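Presented below is the structure to which this report refers.
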Amino acid sequence: MAAFWRPAQPSEFIELDQLAGKSRFAGFMQSNFWAEFKKLEGFDVTRWVWADSSDEVRGSTTILRFPYHGESGFAVCPEGPVLDWDNESESREALRGLIEIAKQFPEVLGLRVEPHLPIPAPRVLRNWADAPTDLIPADTLALDLNLTEDELLAAAHPKCRYNLRIAAKHGVTVQSIQDQSFTHEFYALLTETSSRTGFYIEPFGFFLNLVGTLFKHNAAEFFVSRYEGEVLAAILVVYFGNRATYLYGGSSSRHRKVMPVYPLHVAAMNAARERHCTEYDMYGIDASERRDHLYAGITRFKKQWGGRVERRVGARDYVFYDRLADLVVKQIQSMPDFQS
């Protein structure tokens, strides 16, 4: 039965979240809470349903556009669209329909999609260009939460188990927090970590909007480690569908010998199981293990936990080359040297 795209109704948002949460090809950026967050960040957000003539929902997507104030950009489907990617003919038709939707906006130069598809790319994306940047890390590490804590730790690197014992020996404690006011302290840890490692962090307002939205929907928690009453490290974990995602983390340079980061993840994985999650996503590694890669240090840390390395195709662009050519011509014509 033929299908088509139509705008989603607010009454359908729960159903669409359930659909995306069950898909192994999608993630939390296809959720309603992420759409709300991106609206706070100034994006134009629309949600769409892929349905057949009987109005049976067979897929969905969230499309983001940033208001460029007269400038051009891409329409983006982060961690989507949510489709049956195993059905080549249907996913091809759905992509064609999304291209037509994106073309409705005259400032859009192309459509960017980023489903969780393993490499190599499926044939329906072979003619799409590699995007210059990925919206989410292309390579990640997933831990199976169907295993017990003891089973997971047995599969971890001995150094991981040793560091957990060090933390326990020094009396490091972990607390889960779902209070937006902790965002200030969390951001201080992020800032200290950024100065130490060179990682970019978003402005404080970004985290206020993010945490406020996630907590409103009970979609995230902070996990905080303390030593002798002092906060030493914290992580932010997002829950969506059957997956818990370690999204952000920061730590102090003080008392690093007590290994405060390690017990955070044990606590987070246990909390994820209580929410019936079956996967803990470490969210971003360098699978090539290059020593000069920005992710080199964090990759070594994450791989201590064992798990399964996932390599994905990353973001793909369908470029509207006619519009791109027109934009280049206009920019050249506007240059002072050209006008003279």
Original post:
Among the numbered criteria (1) in the same structural domain as Ala35 (by TED's automatic domain parsing); (2) touching a helix residue (DSSP H, G or I) at 6+ places or on another chain (Cβ under 6 Å); (3) over 17 Å from Asp317 (Cβ atoms), which single criterion is violated by Gln104?
Top reply: (2)
**OP:** Could you list, in sequence order, all residues of the stretch 270-296 that are at pLDDT 80 or above and part of a helix (DSSP H, G or I)?
**Re:** Asn270, Ala271, Ala272, Arg273, Glu274
Subject >> Qualifying positions in the stretch 3-41 - free of Cβ contacts under 8 Å to residues at least 60 places away in the same chain and small (Gly, Ala, Ser) >> reply: Ala8, Ser11, Ala35
**OP:** Residue by residue through the stretch 33-60, note down the ones that are under 24 Å from Ile99 (Cβ atoms) and of a type in the set (S, T, N, Q).
**Re:** Thr46, Ser53, Ser60
**OP:** Can you give me the number of residues within the stretch 132-175 that are surrounded by fewer than 17 Cβ atoms within 10 Å (Cβ to Cβ), within 21 Å of the chain's Cα centre (by Cα) and hydroxyl-bearing (Ser, Thr, Tyr)?
**Re:** 1
Original post:
Quick one: would you say Ser60 is outside any helix (DSSP H, G or I) and of a type in the set (Ser, Thr, Tyr)?
Top reply: yes
Subject >> First in the stretch 80-100 and free of Cβ contacts under 8 Å to residues at least 60 places away in the same chain, second anywhere and exposed (fewer than 15 other Cβ atoms within 10 Å of the Cβ), Cβ under 8 Å, 6 or more apart >> reply: Glu88/Arg123; Ser91/Asp84
**OP:** Could you grab the pairs with beta carbons closer than 6 Å, sequence gap of 6+ or different chains, first residue in the stretch 218-243 and more than 22 Å from His276 (Cα to Cα), second one assigned to a strand (DSSP E or B) and not hydrophobic (A, V, I, L, M, F, W, C)?
**Re:** Arg226/Thr173; Leu232/Ser225; Ala233/Ser225; Ala233/Ser251
Original post:
Do we find that Ser181 is exposed (fewer than 15 other Cβ atoms within 10 Å of the Cβ), over 19 Å from the mean Cα position of the chain (by Cα) and modelled with pLDDT under 95 in this structure?
Top reply: no
**OP:** Have a look at Tyr187, Tyr280, Tyr200 and point out the one that is in contact (Cβ under 8 Å) with a residue 12 or more places away in the chain and more than 23 Å from Arg165 (Cα to Cα).
**Re:** Tyr187
**OP:** Show the residue pairs that are 6+ apart or on different chains and have beta-carbon atoms under 6 Å apart, the first residue being within the stretch 130-153 and more than 17 Å from Ala26 (Cα to Cα), the second being in a loop (DSSP other than H, G, I, E, B) and among the polar types (S, T, N, Q).
**Re:** Leu145/Thr278; Asn146/Thr278
Original post:
Looking at the stretch 189-202, is at least one residue assigned to a helix (DSSP H, G or I), surrounded by fewer than 16 Cβ atoms within 10 Å (Cβ to Cβ) and not polar (S, T, N, Q)?
Top reply: yes
**OP:** Would you point out which residue out of Phe25, Phe4, Phe13 is touching a strand residue (DSSP E or B) at 6+ places or on another chain (Cβ under 8 Å), closer than 21 Å to Val108 by Cβ and surrounded by fewer than 21 Cβ atoms within 10 Å (Cβ to Cβ)?
**Re:** Phe4
Subject >> Single condition Gly212 does not satisfy, out of (1) in a helix (DSSP H, G or I); (2) farther than 23 Å from Gly42 by Cα >> reply: (2)
**OP:** Quick one: count up the residues across the stretch 77-131 that are among the aromatic types (Phe, Trp, Tyr) and surrounded by 18 or more Cβ atoms within 10 Å (Cβ to Cβ).
**Re:** 2
Original post:
Only one residue in Val266, Val237 is part of a strand (DSSP E or B) and in the same structural domain as Lys169 (by TED's automatic domain parsing). Which one?
Top reply: Val237
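The values are calculated or read from the model by the stated rules, or taken from the named source; none is laboratory data. Fair warning: this is a prediction, and the values are worked out from it, not measured in the lab. Quick reminder, even Gly has a Cβ in these numbers, built from the backbone with ideal geometry, and neighbours come from all protein chains shown.
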